[in-house]
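Data first, discussion second: the structure below is written as structure tokens.
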Amino acid sequence: MPYEDMVEKLADLVRNSERVYALTGVSISTESGIPDFRSLGPGFLAKIDPEKSLSLTDLHRNPAQFYQKFLNLWYSFVDARPNLGHLALSQMEKMGFLKGVITQNIDGLHKAAGSKNVWEIHGHLRTGYCIRCNHQYSLPEIVSQVEQGGNPPLCKDCQGIIRPGVVLFEDLMSPDFFNARSEINGADLLLVAGSKLKVQPAASLPSLVHKVAIISQRSTTWDKKAVLVIKRSISKTLVDLVDCLRAGI
């Protein structure tokens with residue numbers, strides 16, 4: 001099927017669905033300069049083993065080493081800005097075609113793009129908190145403390161270790177995950193953009209909805225079950241989708 005016909009088919013799916021949500025993964029943010037940490041190319045995961053270095057166990061056993069590795073992650077994200085794909089999803093929400101975005105990403109770019117209903121199921125890099133008293137700190141404040149020799153960063157109130165507000169390996173899932181799962185249950189359409197749908201429990205979310213459409217340049221575990229798969233640029237496809245929806249209003 002020609003690309004233009006696939007976009008039109010996707011627009012028809014969206015128009016004819018009352019409850020539409022998006023599920024996004026790391027590939028939607030690569031055009032913002034964020035590397036795909038699970039790829040085999042040069043990136044964060046090529047430098048460290050995240051299951052050992054960004055785990056709850058490592059945070060408790062060797063917090064200073066944990067933060068040395070965490071800074072690599074922070075520096076990969078700090079200058080990133082929303083790209084056209086993030087902005088297109090925000091526009092779809094404003095137009096009334098999208099109920100909200102569930103994201104596996106921790107970059108915060110959907111909220112920066114203006115999306116209002118966002119479930120960040122793996123947490124985010126805006127804040128962190130003390131593991132002892134739960135006092136919250138901004139991530140720039142935490143990183144600044146580490147850069148100035150305060151490694152690990154300690155709470156000013158109780159001297160407990162401060163941790164970032166992301167879901168680490170061995171962590172329980174965030175409340176956003178359970179809220180998102182409840183929110184999309186029985187939805188008409190889930191638009192998956194930039195996720196391979198391999199990481200559980202996020203990969204289970206498509207099973208809760210009636211139809212799944214996928215935009216991804218790579219294969220996903222749901223390609224054979226989806227009603228439509230578009231293997232093109234995520235940002236271009238989403239921009240073209242918005243244009244198509246706007247033309248039909």
Which one of these is among the small types (Gly, Ala, Ser), assigned by TED's automatic domain parsing to the domain that holds residue 102 and in a helix (DSSP H, G or I): 219, 195, 204?
204
Given the conditions (1) surrounded by 14 or more Cβ atoms within 10 Å (Cβ to Cβ); (2) within 21 Å of the chain's Cα centre (by Cα); (3) aliphatic (A, V, I, L, M), and given that residue 172 satisfies all but one, which numbered condition is not satisfied?
(1)
Flag for residue 190 being assigned to a strand (DSSP E or B), closer than 19 Å to residue 14 by Cα and not basic (Lys, Arg):
yes
Please find, within the stretch 133-152, the residue that is nearest to the chain's Cα centre (by Cα) out of those that are of a type in the set (S, T, N, Q) and either crowded, with 16+ Cβ neighbours inside 10 Å or modelled with pLDDT of 95 or more (or both).
138
The one condition residue 170 fails out of (1) over 27 Å from residue 127 (Cα atoms); (2) among the acidic types (Asp, Glu); (3) in contact with a helix residue (DSSP H, G or I) (Cβ under 7 Å, 6 or more places away or on another chain) is (1)
Check off (1) surrounded by 14 or more Cβ atoms within 10 Å (Cβ to Cβ); (2) farther than 18 Å from residue 103 by Cβ; (3) without any contact (Cβ under 8 Å) to a residue 24 or more places away in the chain for residue 211 and give me the number that stays unchecked.
(3)
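Within the group 121, 162, 106, which residue is aliphatic (A, V, I, L, M), touching a strand residue (DSSP E or B) at 6+ places or on another chain (Cβ under 8 Å), under 17 Å from residue 64 (Cα atoms) and crowded, with 18+ Cβ neighbours inside 10 Å? Reasoning before the result, please.
Numbers: 121 fails: under 17 Å from residue 64 (Cα atoms); 106 fails: under 17 Å from residue 64 (Cα atoms).
After ruling out the rest, the residue left standing is 162.
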Pick from 174, 115, 90: which is out of contact with any Ser or Thr (no Cβ under 6 Å at 6 or more places or on another chain) and not β-branched (Val, Ile, Thr)?
174
Just checking, how many residues over the stretch 19-66 are modelled with pLDDT of 90 or more and not charged (D, E, K, R)?
21
Can you find, within the stretch 2-35, the residue that is surrounded by the fewest Cβ atoms within 10 Å (Cβ to Cβ) among those that are in contact with a strand residue (DSSP E or B) (Cβ under 7 Å, 6 or more places away or on another chain) and in a helix (DSSP H, G or I)?
9
The one condition residue 113 fails out of (1) at pLDDT below 95; (2) assigned by TED's automatic domain parsing to the domain that holds residue 198 is (1)
Out of 155, 130, which single residue is out of contact with any Asp or Glu (no Cβ under 9 Å at 6 or more places or on another chain), in contact (Cβ under 8 Å) with a residue 12 or more places away in the chain, crowded, with 17+ Cβ neighbours inside 10 Å and not assigned by TED's automatic domain parsing to the domain that holds residue 190?
155
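The values are calculated or read from the model by the stated rules, or taken from the named source; none is laboratory data. Note that the structure is a prediction, hence the values are computed from the model and not measured. Ideal geometry is used to build each Cβ from the backbone, glycine not excepted, and the neighbour counts take in all protein chains shown.
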